[in-house]
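K.L.:
One structure, as structure tokens, below. Some questions next.
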Amino acid sequence: MSSRARLRIRQHIKIPCISRLSSQLQAKLAAPILWRTSTQLSRRLLAAKQHQRCLSCSVRLAQEQAKQDAKTTHFGFENVPESDKESRVGAVFSSVASSYDTMNDLMSLYIHRLWKDRFVRSLNPGLHPKISNPTPQTILDIAGGTGDIAFRLLLHASTINNDHTSRVIVSDINPAMLSEGKKRSQDTPWAWSERLSWVEANAEKLSMIEDASIDLYTVAFGIRNFTNKQAALNEAFRVLKPGGVFACLEFSKVNNAVLNGAYKRWSFGAIPLIGQLVAGDRGELSISCGEY
């Protein structure tokens, strides 16, 4: 048999075989069956993906809720839950009210008096003699407790600016501190004067103070104890008159390495010891009151 004949036979055998197999495969693997299989698989994958997505959302929401519930704020040199801070601050100052000024003297080596004097002088409270037809100032001293700043404000207004009409409202969240301040006021000319009043209030909710009624808002070494500083600042903005003054006396960070080292030694070494000796509390008392 010639080679040409053999080639012709092979082609004859091969071509129908491939054609037959192709027809069988097409019959068995018909497009509708493949589509149905693909659709079922897609549905299963989609269902699994949606389940994972829902589970992921639930976990994320639970984590966010846990973070919200466990939200902390500073309390001296430590972090505490926001819900605990107000009560802890209250407990600290209730226990130290009668010896608060002595604590400040010892912890700051009496320097806090100089800081407060300079603070008040820089504000120059009271009616200025050069102003024609002035109206008396209304000053709000937040976290004023024992009246340390309030007495200085009134003294400056009276002696420097010859103003005997401007008044100071002392606000504090702690009744024990206010009681101590009222007691101390007995030694001042303003004990029974309308120029000095006392209000028990949270700086974050000053509902008893009218909008735009305050000329000068002061807070000295008190903003550190606010649980929600932004809420307190919002209230300060609300009660201040247009053009009113917000004045805060507080510590900042020490940038000099040598001074920062000395500051930390004093803060973590001497201050807790002073707290223990003066008030019998080495921990929270020195943490909240003694960040000098």
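K.L.:
With respect to Leu106, is the statement that it is in contact with a Pro (Cβ under 6 Å, 6 or more places away or on another chain) and either under 25 Å from Pro189 (Cβ atoms) or at pLDDT 80 or above (or both) true?
P.N.:
Details: in contact with a Pro (Cβ under 6 Å, 6 or more places away or on another chain): no; either under 25 Å from Pro189 (Cβ atoms) or at pLDDT 80 or above (or both): yes.
It is false that Leu106 is in contact with a Pro (Cβ under 6 Å, 6 or more places away or on another chain) and either under 25 Å from Pro189 (Cβ atoms) or at pLDDT 80 or above (or both).
K.L.:
Being more than 27 Å from Ser122 (Cβ to Cβ) and open to solvent by 80 Å² or more (accessible area, probe 1.4 Å) is the filter here, so list the residues in the stretch 250-274 that pass it.
P.N.:
Of the stretch 250-274, the ones more than 27 Å from Ser122 (Cβ to Cβ) are 257-258, 261, 264-265, 268-270, 272-274.
Across the stretch 250-274, the qualifying residues are Ala257, Val258, Lys264, Arg265, Phe268, Leu273.
K.L.:
Just to confirm my filter: which strands (runs of 3 or more DSSP E) fall fully inside the stretch 136-249 and include at least 2 residues that are in contact with a strand residue (DSSP E or B) (Cβ under 9 Å, 6 or more places away or on another chain), open to solvent by less than 10 Å² (accessible area, probe 1.4 Å) and farther than 21 Å from Asp105 by Cα?
P.N.:
On the way: elements: 138-142, 167-172, 196-200, 214-220, 240-249.
Filter on the stretch 136-249 gives 138-142, 167-172, 214-220.
K.L.:
Also, quick follow-up: What is the residue count in the stretch 250-287 for residues that are at pLDDT 80 or above, within 26 Å of the chain's Cα centre (by Cα) and outside any helix (DSSP H, G or I)?
P.N.:
Total meeting the criteria: 6.
K.L.:
Quick one: which of Ala157, Ala191, Ala232, Ala176 is closer than 24 Å to Pro81 by Cβ and over 23 Å from the mean Cα position of the chain (by Cα)?
P.N.:
Ala176
K.L.:
Could you tell me which residue of the stretch 107-124 is farthest from Ala247 (Cα to Cα), considering only residues that are surrounded by fewer than 12 Cβ atoms within 10 Å (Cβ to Cβ) and not polar (S, T, N, Q)?
P.N.:
Leu109
K.L.:
Being over 16 Å from the mean Cα position of the chain (by Cα), on the phi < 0 side of the Ramachandran plot and among the small types (Gly, Ala, Ser) is the filter here; which residues of the stretch 202-229 pass it?
P.N.:
Correct list: Ser207, Ser213, Ala220.
The values are calculated or read from the model by the stated rules, or taken from the named source; none is laboratory data. Please read all numbers here as calculations on a predicted model, not as lab measurements. When we count neighbours, we look across all protein chains shown, and the Cβ atoms used for this are built from the backbone with ideal geometry, even at glycine. Surface accessibility is based on the protein's heavy atoms, side chains included, excluding ligands, DNA and RNA. Shrake-Rupley method; radii C 1.70, N 1.55, O 1.52, S 1.80 Å.
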